[in-house]
C-alpha cells in the first residue's frame, strides 16, 4: 500500500450550542493513501462537511486526532488546499490574480514573478479557463468560477485536495462537464482528493473509495465501498457497465434503506 | 437639525435607490438608447421615437418637479410676504455670479470664496475624522473586546448635536476657525467609525476561510481581503459623513463668523438681502448634491457586482 497522507484516529466533534452539546461526529477512523480519490457521502446533516473541515484544519476535533503526512493537524495550511462549494473567489481580483494569490503564498519565496505568473496561467489553462485570465469573477458563469476555484487549489500543488460539494451549486450539465474535467486533471496530476458529495453518480464516477456516513447527530462511518473501475473512466460507457450499476445500487441501498432519512 | 444628523448616521445600503435625483436619472437615460442600425430591420416602428420617449421619461418628471417648486415659490412670494419671488432672486443671482471671486477685504468676499472656504473647513475636519475614524473602525470591527469597550462611548456621544461641541473647540483652540473644523471632525467621525466597523464584521466568512487555508500573512489579509471587502462600507461612511458635515458647517459658521457660506448667509440676513439668502440656499443644496453624487459614483466604481 502506498504512502499514507491523512490519518483520522477516533475523531469526534462536539459543538457547544445554546441548547447544550451537539455531537456531530463520533469514532471516525479513516486512512487516506497518496493518489487516492475518496468521497464522503451521506444525507444532509450527517457531518460529512464537518469531517472535511477537520482534515482541512478549519475546525479542530474535540476528541481524537487527525494527522497529515505524519504530523498532527493544528490548523489550516496550503498543503491541504480546499475547493469551497461557493467557489469563494475574491471578487476584486481577476481569475489570474485569484490563482496568483495562492501561488505566491506557496512558491513566492523560491520563485520569481514570471515563474509564479506562468504557474497561475498553467493552472487556469488546465481547467480550460485561459480565455478568461483577466476577467473578474462576476463576469464569468458559476461553472467557470468553480473551474477557477479548482485551478487555484491545484496550482498550490497540495499534498491533498479537499473539495466540499464543489459542484453542488451547478446545474446537471455543467456538473458533468466539470466532473470530466476533474477526472482529466486527476489523471494528469495523480493528486490525492477527499470530496464531499451527495450525488451518487458523481461518487461512483470519480472515487476509488466511497465513505458512507450514517445519519447525524453523532454520525460516524457506516460502510466503505471500494470502487474498482478501470481508469480513465468514460461516463457514457459506464452507464451500461455492470459493475458501475452494482456500485451505484450498493450506495443507493445504504442511503435509502439502511439510513432512511426521516422526512425533513 | 440635530434630528436630521442622527437619522443620517444610520448605516445605509450602498445601492439605495431612493436618491433618484434629476442628475442621476438623466445620466442613466443615455446608455438605454439602443443601437439604431441593429434594431431597425425587425422593428420598423422607429427606435428613434423610443429614444425620444426614453429621454422624455427621464427628463420630464424632474423638470416638472423644478417647475412646481418655482411655481409654489412664486405663489408664496406673491401673497404679499417679504419673501422675494423667483424673478428678483434671478436678477440678484446674475449680478452675484458675474463676479463670484471678488475680494474687497476680509469682510466682503465673493460667494465663490465663501463656498471654497466652507469646503476647505469640511475637507480638513473630514480628513482628520477619516484618519482617526477608519483605523478605529477597523480595530472595533476586528476585536470584540474593543467593540464592547467603545460601543457605550460611541452610543453616548453620537446623538449629541455637533454644535454642542463648538464651545469646547473654542475653549481649546481659542480661535473660531479651528473650532468650526473641530465641529466638522466630531460630526464626521461617527458614521465612519460605525460603517467601517460594520464592514469589517461583515467580511464574508468564506473569504476569511480562504485566508486561513492559504495561511496568508496579516498584511496580505488586510490588503487583499479586508480592505477591498470593507471599502464599500467605508465609502458609505464617507458619504454620510460628508453629507452631515455639509449640514453642520453652515450652522457652525453662523456662530463663529469669518469667511464661509454659513457666515455669508448670516451676514446677508443682517444686511437684509433676502434674495442672497435664497441664492445661498440653492448654492448649499447644489454643492451638497454634487458631493453626494461624486461619492456615489466612487462607490459604484468599487462595488464588485456582488454575487
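Summary of values
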| read-out | value |
| --- | --- |
| Number of positions in the range A:62-80 that are within 16 Å of residue B:215 (Cβ to Cβ) and more than 7 Å from chain B (Cβ to nearest Cβ) | 8 |
| Residue among A:64, A:108, A:57 that is touching a strand residue (DSSP E or B) at 6+ places or on another chain (Cβ under 7 Å) and over 21 Å from residue A:193 (Cβ atoms) | A:64 |
| Given (1) surrounded by fewer than 21 Cβ atoms within 10 Å (Cβ to Cβ); (2) within 12 Å of chain B (Cβ to nearest Cβ), index of the condition residue A:184 fails | (2) |
| Selection count, the range B:211-236, where residues are more than 8 Å from chain A (Cβ to nearest Cβ) and not in a helix (DSSP H, G or I) | 1 |
| Unmet criterion (only one of (1) within 14 Å of chain A (Cβ to nearest Cβ); (2) in contact with a strand residue (DSSP E or B) (Cβ under 7 Å, 6 or more places away or on another chain)) for residue B:259 | (1) |
| Out of B:175, B:205, sole residue that is over 30 Å from residue B:142 (Cα atoms) and modelled with pLDDT under 90 | B:175 |
| Residue check for residue A:91: within 13 Å of the chain's Cα centre (by Cα), assigned to a loop (DSSP other than H, G, I, E, B) and on the phi < 0 side of the Ramachandran plot | no |
| Yes/no for residue B:54 being part of a loop (DSSP other than H, G, I, E, B), modelled with pLDDT under 90, outside the structural domain of residue B:179 (by TED's automatic domain parsing) and more than 29 Å from residue B:246 (Cα to Cα) | no |
| Residue match in the range A:215-225 (condition: modelled with pLDDT of 90 or more and part of a helix (DSSP H, G or I)) | no |
| Residue match in the range A:20-34 (condition: without any contact (Cβ under 8 Å) to a residue 24 or more places away in the chain and either surrounded by fewer than 22 Cβ atoms within 10 Å (Cβ to Cβ) or touching a helix residue (DSSP H, G or I) at 6+ places or on another chain (Cβ under 6 Å) (or both)) | yes |
| Sole exception among (1) within 14 Å of chain B (Cβ to nearest Cβ); (2) under 24 Å from residue B:204 (Cβ atoms); (3) free of Cβ contacts under 8 Å to residues at least 40 places away in the same chain; (4) within 23 Å of the chain's Cα centre (by Cα) for residue A:124, by number | (1) |
| Meets criteria (part of a loop (DSSP other than H, G, I, E, B), in contact (Cβ under 8 Å) with a residue 40 or more places away in the chain and either closer than 30 Å to residue A:77 by Cβ or in the same structural domain as residue B:244 (by TED's automatic domain parsing) (or both)) for residue B:191 | no |
| Test for residue A:144: is it crowded, with 20+ Cβ neighbours inside 10 Å and not in a helix (DSSP H, G or I) | no |
| Which numbered condition residue B:182 fails, given (1) out of contact with any helix residue (DSSP H, G or I) (no Cβ under 6 Å at 6 or more places or on another chain); (2) part of a helix (DSSP H, G or I) | (1) |
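Conditions (1) under 30 Å from residue B:273 (Cα atoms); (2) modelled with pLDDT of 80 or more; (3) in contact with a helix residue (DSSP H, G or I) (Cβ under 9 Å, 6 or more places away or on another chain), marked per residue:
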{"residue": "B:31", "(1), (2), (3)": "no, no, no"}
{"residue": "B:66", "(1), (2), (3)": "yes, yes, yes"}
{"residue": "B:70", "(1), (2), (3)": "yes, yes, yes"}
{"residue": "B:75", "(1), (2), (3)": "yes, yes, no"}
{"residue": "B:79", "(1), (2), (3)": "yes, yes, no"}
{"residue": "B:83", "(1), (2), (3)": "yes, yes, yes"}
{"residue": "B:92", "(1), (2), (3)": "yes, yes, yes"}
{"residue": "B:95", "(1), (2), (3)": "yes, yes, no"}
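The values are calculated or read from the model by the stated rules, or taken from the named source; none is laboratory data. Only a predicted model underlies this, so the values are computations on that prediction, with no experimental measurement involved. Neighbour counts run over all protein chains shown; Cβ positions are idealised from the backbone, glycine included.
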